[in-house]
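Down below is the structure, laid out as structure tokens.
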Amino acid sequence: AQEALAASEAELRAIFSAMDDLVLVLDQDGYYRKIAPTNISLLAHPPEELLQMNLTDVFPEKQAKEYKQIIKDCLQYDKTQSIGFSLMVKDTIKWFEATISPMSADRVVWITRDISERKLAEASIQLQSAALNAAANAIQISNPDGEIVWVNPALTQLTGYEFHEAVGRKP
């Protein structure tokens, strides 16, 4: 039994050390109860401090209240919830997606994934899209076969084609 327990613990340690996500356990009142040895670099506070804190100590009041309600709903309805949020971590704003799942009658497991790179990429794409749409010059984007997949408003004004009429054409 001791060997089986040791093997099981070693297996769990290996799984946790391979995870990039942050795994937390919170109680029904929003207090942090456990921090899995995963990606603690994503924590806004050192683990020993966080384990003495509540969601209200980490998030603005309105946000913390919302998350506490999500925890209560998660426990009451035995249903996983998903949220997105940003948080200051080591002087940098990070963006996260979290999944909150019932763990026991009064605790949830809160699994958090850093999506900051994706958010920055999305913002960059939005900025590029806005610049292309605002450009005075006619611009079209075609696939390798020459089929038009996108045109900007300047091109539709120049050609008289609507966006949906231009897309799919071959010049």
Note: among SER104, SER124, SER142, just one is modelled with pLDDT of 90 or more, under 26 Å from LYS34 (Cβ atoms) and polar (S, T, N, Q), namely SER104
Filter result (open to solvent by 70 Å² or more (accessible area, probe 1.4 Å) and within 19 Å of VAL23 (Cβ to Cβ)) within segment 52-77: GLN52
With the requirement that a residue be open to solvent by less than 80 Å² (accessible area, probe 1.4 Å), touching a residue at least 12 places away in the same chain (Cβ under 8 Å) and of a type in the set (A, V, I, L, M, F, W, C), what does segment 135-171 give you? ALA135, ALA138, ILE139, ILE148, VAL149, TRP150, VAL151, ALA154, LEU155, ALA166, VAL167
When you go through GLU97, GLU117 one by one, which is the residue that is more than 25 Å from TYR31 (Cβ to Cβ) and either open to solvent by 60 Å² or more (accessible area, probe 1.4 Å) or at pLDDT 95 or above (or both)? GLU117
Apart from one, (1) among the hydroxyl-bearing types (Ser, Thr, Tyr); (2) farther than 30 Å from LEU158 by Cβ; (3) at pLDDT 90 or above all hold for THR92; the odd one out is (3)
Given the structure, is LYS34 over 19 Å from the mean Cα position of the chain (by Cα) and either part of a loop (DSSP other than H, G, I, E, B) or basic (Lys, Arg) (or both)? yes
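The values are calculated or read from the model by the stated rules, or taken from the named source; none is laboratory data. Computed from a prediction, not measured in an experiment: that's the story for all the values here. Positions of Cβ are backbone-derived with ideal geometry, glycine not excepted, and every protein chain shown enters the neighbour counts. Surface areas here come from the heavy atoms of the whole protein model, side chains and all, with no ligands, DNA or RNA. Shrake-Rupley method; radii C 1.70, N 1.55, O 1.52, S 1.80 Å.
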